[in-house]
Amino acid sequence: MADVTVRVWRGNAQGGAFHEYRVPVEEGMVVLDVLHRIQAIHANDLALRWNCKAGKCGSCGAEVNGHPRLTCMTRMNIFTPGETITVAPMKTFPIIKDLVTDVSFNFQVAKKIPAFQSRPPDAPDGSWRMMQEDIDRVQEFRKCIECFLCQNVCHVIRDHEGKKQHFAGPRFFVRLAELEMHPLDTGTRTGLVKEFAGIGLCNITKCCTEVCPEHIRITDNAIIPLKERVVDEHYDPVVWLLRKVLGKR
Amino acid sequence: MADEKYETHEYDVIVIGAGGAGLRAAIEASAQGVRTALICKSLLGKAHTVMAEGGIAAALGNVYPEDNWQVHFRDTMRGGKMLNNWRMAQLHAQEAPARVVELEAWGALFDRTKDGRILQRDFGGHRYARLAHVGDRTGLEMIRTLQQHAVHKGIDVFMECTIVRLLKEGERACGAFGYWRETGRFVVFKAKAVVLATGGIGKAWKITSNSWEYTGDGHALAYGVGADLIDMEFVQFHPTGMVWPPSVRGILVTEGVRGDGGTLKNALGERFMFNYIPEFFRAETAETEAEADGWYTDKKKNRRTPDLLPRDEVARAIVAEIKAGRGSPHGGVFLDIASRRDPETIKRRLPSMYHQFKELADVDITKQPMEVGPTCHYAMGGVRVDADTTAATVPGLFAAGEVAGGMHGANRLGGNSLSDLVVFGRRAGLYAAEYAKRSPGSFTVDAGQLGAIARECLEPFERGGDENPYTVHRDLQECMQILVGIIRNEGELKKALEELAVLRERQGRVRVAGNRQYNPGWHLAMDLHSMLTVSEAVARAALERKESRGAHTREDYPRMDPTFGKVNVVVRRVGDAMSVSQEPLPQMPDDLRRLFEESK
Ligand code: SF4
Ligand code: SF4
Ligand code: FES
């Protein structure tokens with residue numbers, strides 16, 4: 001059983017600093033286990049979020065050595081032995097305390113997305129018929145665990161506080177794409193995608209796709225098709241170019 | 001501090017807990033036109049329901065048209081060793097299909113059959129393939145669907161807000177007292193009706209599939225205001241949790257692995273479940289490997305594989321194999337799907353299992369067997385409720401989902417939890433709203449009552465104690481794991497009660513550092529109160545039931561005893577003491593009883 005040195009950012013909205021802790025690590029441990037040990041041994045009041053410890057709830061995101069990750073799915077054996085590990089809160093969201101940030105922005109955006117509206121049932125018993133191949137893509141989007149790591153890395157949200165009001169962010173492009181491609185949904189949201197969600201501000205850097213722990217192909221499968229749909233109604237040069245390069249989906 | 005002005009909210013209905021049951025209750029209450037609040041310990045959408053994997057049981061008959069509510073009802077009662085509240089089991093079986101279709105109407109996308117209907121998968125104890133599912137992430141689909149539906153219904157959501165006590169006016173529940181995790185400030189909810197949907201109690205055990213939230217809050221809240229708890233001795237240990245590496249011990253491995261063809265093996269490579277078929281299930285269980293394997297595709301000619309016996313049977317069999325020295329290297333047994341299904345099928349049907357083992361254990365489940373062992377998973381026991389209305393024994397209080405008792409009897413079948421959540425979540429919301437509408441206007445909450453609760457909550461900051469809340473928690477988990485685990489006896493249960501008394505005393509000396517802002521040490525100090533209460537209830541009820549039935553196994557009373565088959569063990573607070581009694585089980589009407597005779 002070796003010891004590891006971990007630097008954890010501690011503080012609140014007023015400010016803070018990295019604190020160094022040494023804790024024993026055992027085979028198989030993940031970063032969240034290490035944080036729990038720090039909590040139990042050195043700092044009972046170390047604030048962090050977690051629920052499932054199995055990559056299913058999306059609560060435990062943080063920046064580990066500068067990379068946004070789920071701490072419960074980050075194994076300690078990916079670091080070189082003896083390496084000091086740094087854990088900091090997600091950068092984009094306002095700090096509440098230690099590793100806990102204020103992610104309420106995301107819940108506000110969620111409220112603005114009009115509800116799913118199904119077409120009338122296909123069968124007299126009130127059920128529907130859908131083919132698996134027609135829902136595969138939408139099921140990919142519905143894997144989203146709302147960890148908000150994609151929101152955290154998106155430079156439009158990160159660098160432009162003012163634009164947040166007009167930019168829903170990748171998590172919600174996924175949600176909008178899901179509704180748009182849902183075989184039963186009858187709403188149209190293309191106007192919304194442009195106006196409120198501000199998809200035009202996205203310049204397809206793909207940072208969101210890279211961090212998604214559910215491996216949702218956010219840019220290729222959600223954002224680009226959404227942009228194309230918007231273009232059918234509005235003119236958007238980025239997409240025009242893209243379509244030239246990539247061909248229509 | 002007693003004169004701190006508390007932030008106060010007033011509602012018709014408050015729902016505590018925002019998993020499947022709480023969300024469904026809140027949706028229903030607000031649909032009835034009453035002012036509704038939803039209060040949860042975590043952020044919205046993170047509740048334990050999100051971790052449910054295998055599916056939601058409902059006799060839709062999409063895969064086997066022979067299936068219907070009577071068959072589902074019968075499976076549920078037999079799985080619960082006939083101790084279930086028959087009326088709950090009936091309502092559940094009858095209403096589950098409509099609740100599943102309703103989820104689809106709200107946007108859920110279940111996996112499909114070839115002709116485009118909802119696909120159903122095999123699971124333990126279910127006669128037919130019955131579980132609607134989305135790969136192995138059904139809980140996520142359900143919680144997201146309910147969450148996205150609820151968002152537009154005008155329900156006020158209080159996230160990261162923990163309730164520590166219920167409030168009463170006279171005999172009836174009239175609200176709740178809690179704190180904001182973020183600031184540590186107290187908050188008071190006045191309400192005409194209170195719905196508990198707080199889930200389970202697994203965090204009192206060391207090896208568990210449950211998240212930090214599962215500290216038995218709802219059980220303890222109800223007990224605190226004098227409501228009855230029943231069946232607390234029945235704690236389900238899911239047979240298949242991860243066992244290696246140590247840091248992931250307990251994380252759930254879905255029963256869907258076996259539902260999709262996986263089989264349990266010991267160190268000798270034997271499919272040992274064939275040696276553990278109990279008399280009770282012999283007539284319906286395959287005796288040979290050929291028959292068991294044939295069952296997956298032809299249920300008429302073959303009987304069900306013993307790998308899919310109810311969870312209590314499988315968990316005990318695994319413990320016995322390990323005890324006999326035939327376990328796997330890290331103290332579990334093997335669960336093998338790699339040799340039985342092709343890699344593509346495994347990845348498509350069980351994507352998160354594949355991911356979980358690959359990432360956390362360096363095991364490729366398409367190539368190697370998994371190592372698994374029992375993990376504390378589910379509380380069958382809980383708040384005693386009226387089957388139709390979910391009303392607890394305290395007026396104004398309702399309970400649905402895992403926190404309610406009776407539905408699952410002595411053992412829950414897989415897949416019956418998600419359906420329980422929506423069937424009884426809806427009923428709780430409906431009847432709580434109705435109750436609220438019938439209730440007279442405002443009431444007063446006694447300021448002295450509030451001050452006393454607040455003082456108690458703040459004690460860990462102020463007293464000169466010497467106990468670390470994490471240490472007390474660890475010792476509690478150790479105690480429950482060893483002394484109130486899968487196999488129990490009188491000596492150990494009595495010892496557990498002694499240890500719990502000591503732990504209770506130590507809890508009184510817990511001291512926390514820091515301030516009230518987002519302080520997990522303080523939060524845990526308060527959660528310890530709930531965990532100690534439910535732990536004592538489980539130990540006392542387990543001592544009272546001198547037989548082995550379902551998930552409750554007594555090595556000193558190894559058989560089912562028909563006299564105990566007629567009673568619930570009831571735990572309630574009398575003064576400051578915990579009273580335990582045996583009370584008669586509700587009697588099933590003859591037309592339902594016949595379902596069991598015919599099938600013999
Ligand atoms: S691809 Fe678009 S949404 Fe994704 S991170 Fe880049 S700018 Fe943001
Ligand atoms: S899309 Fe991926 S990264 Fe973004 S919130 Fe969902 S799971 Fe997280
Ligand atoms: S704790 Fe749930 S994703 Fe990490």
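Since every read-out is calculated from the coordinates, none of them should be taken as a lab result. Everything quoted here is computed from the prediction, not taken from an experiment. Positions of Cβ are generated from backbone atoms using ideal geometry, with glycine treated the same way; all protein chains shown enter the neighbour counts.
Using a 10 Å cut-off on Cβ to Cβ distances, tally the other chain neighbours for every residue of B:511-518 and report the average as a whole number.
Whole-number average of other-chain Cβ neighbours for B:511-518 is 4.
Compute, for chain B, the length of the dipole vector about the Cα centre, with Cβ point charges of +1 (Lys, Arg) and -1 (Asp, Glu) only. Units Debye, rounded to 20.
The dipole of chain B has a size of about 440 debye.
Relative to the present Cα-Cα distance, how much length would full extension add between residue B:455 and residue B:68 at 0.36 nm per residue of separation?
Using 0.36 nm per residue and subtracting the Cα-Cα distance, I get 133.9 nm.
Which whole-percent values make up P(r) of the range B:454-600 when all C-alpha to C-alpha distances are grouped in 5 Å steps starting at zero?
Percent of Cα pairs in each bin: 2, 9, 15, 16, 15, 12, 10, 8, 6, 4, 2, 2, 1, 0.
Placing one identical point scatterer on every Cα of chain B and ignoring solvent, what is log10 I(q)/I(0) from the Debye formula at q = 0.08, 0.09, 0.11 Å⁻¹?
Taking Cα atoms of chain B as identical point scatterers yields -0.51, -0.65, -1.00.
Quick one: if the Förster radius is 45 Å, what FRET efficiency do residue A:91 and residue B:185 give, using the C-beta to C-beta distance and rounding to 0.05?
Once rounded, the FRET efficiency stands at 0.95.
Using a/c under 1.5 as the rounded threshold, could you call the range B:328-445 rounded, prolate or oblate? The axes a ≥ b ≥ c are square roots of the C-alpha gyration tensor eigenvalues, and prolate needs a/b larger than b/c, oblate otherwise.
Cα axes put the range B:328-445 in the prolate bin.
Helix-only estimate, please: 222 nm mean residue ellipticity of the protein assembly as shown, summing -39500 (n - 2.57) across DSSP H runs of length 4 or more and dividing by its residues, to the nearest 500.
Calculated at 222 nm, the ellipticity per residue is -10500 deg cm²/dmol.
Show me A:98-104, B:266-272 ranked by packing, highest mean number of other Cβ atoms within 10 Å first.
Per-residue Cβ counts within 10 Å, averaged per peptide and sorted highest first, yield A:98-104, B:266-272.
Rounded to two decimal places and with Rh computed the Kirkwood way over Cα pairs, what is Rg over Rh for the protein assembly as shown?
The Rg/Rh ratio comes out at 0.94.
Over chain B, what is the relative contact order in percent, taking alpha-carbon pairs closer than 8 angstrom and at least six residues apart?
Relative CO of chain B lands at 21 percent.
Quantify how strongly other chains surround peptide B:41-50 by giving the mean number of their Cβ atoms within 10 Å of each of its Cβ atoms.
Averaged over the peptide's residues, the number is 5.
Place a label point 7 angstrom from the Cα of residue B:462 along the Cα-to-Cβ direction, then list the residues of the range B:158-179 whose backbone nitrogen is under 16 Å away.
Once the point is set 7 Å along Cα→Cβ of residue B:462, nothing inside the range B:158-179 turns out to lie under 16 Å by backbone N.
Translational diffusion coefficient of the range A:1-102 at 4 °C, 1.567 mPa s, Stokes-Einstein with Kirkwood Rh over Cα pairs, in µm²/s as a whole number.
After rounding, the answer is 96 µm²/s.
How crowded by other chains is A:75-84, given as the mean number of beta carbons from other chains within 10 Å of each beta carbon?
Counting other chains' Cβ atoms within 10 Å and averaging over A:75-84 gives 1.
In nm, give the distance between the simple-model label positions of residue B:326 and residue B:546, each being 7 Å from the Cα along the Cα-to-Cβ direction.
Distance between the two pseudo-spin positions: 3.4 nm.
Taking the Cβ of residue B:251 as the centre, find all other residues whose Cβ is under 10 Å away and add up their charges (Lys, Arg: +1; Asp, Glu: -1).
Result for the local shell: +3.
I need the helices of chain B that pass two filters: whole DSSP H segments spanning 27 Å or more by Cα along the axis, and mean Kyte-Doolittle score no lower than 0.0.
Answer set is B:520-544.
Per 10 Å bin, what is the whole-percent P(r) computed from every C-alpha pair distance within the range B:116-245?
9, 27, 34, 22, 8, 0
Give, as a single signed number, the net charge of other residues whose beta carbon lies under 15 Å from the beta carbon of residue A:210, with Lys and Arg counted +1 and Asp and Glu -1.
+2
Starting at 0 and stepping by 10 Å, how many percent of the alpha carbon pairs of chain A end up in each bin?
7, 27, 29, 20, 12, 4, 0
Using per-residue counts of other Cβ atoms within 10 Å, averaged over each peptide, order A:167-177, A:10-20 from highest down.
Those peptides, ordered most packed to least, come out A:167-177, A:10-20.
State whether the range B:237-375 is rounded, prolate or oblate according to the following rule on the C-alpha gyration tensor (a ≥ b ≥ c being the square roots of its eigenvalues): a/c under 1.5 gives rounded; otherwise a/b larger than b/c gives prolate, and the remaining case gives oblate.
The shape class here is oblate.
Sort the following peptides by mean Cβ neighbour count (other Cβ atoms within 10 Å, averaged over residues), highest first: B:406-419, A:49-62, A:121-134, B:67-80.
B:406-419, A:49-62, B:67-80, A:121-134
Where a ≥ b ≥ c are the square roots of the eigenvalues of the C-alpha gyration tensor, would you call the range B:422-511 rounded, which needs a/c under 1.5, or, failing that, prolate if a/b is larger than b/c, or oblate?
Note, shape of the range B:422-511 comes out oblate.
Taking a label point 7 Å from the Cα of residue B:362 along the Cα→Cβ vector, which residues of the range A:62-94 have an amide N closer than 15 Å to it?
In the range A:62-94, the label zone of residue B:362 (backbone N under 15 Å from the point 7 Å along Cα→Cβ) covers A:75-81.
I'd like to know how the range A:104-239 sits against the 2.2 N^0.38 Å rule of thumb: what's its Cα Rg over that expected value?
Its radius of gyration relative to the 2.2 N^0.38 Å reference: 1.07.
Using the Cβ atoms and a cut-off under 12 Å, what net charge is assigned to the surroundings of residue B:154, where Lys and Arg are +1 and Asp and Glu are -1?
+2
Give the Kirkwood hydrodynamic radius (Å, one decimal) of the range B:28-117, defined as one over the mean of 1/r across all pairs of different Cα atoms.
Hydrodynamic radius (Kirkwood, Cα only) of the range B:28-117 equals 15.8 Å.
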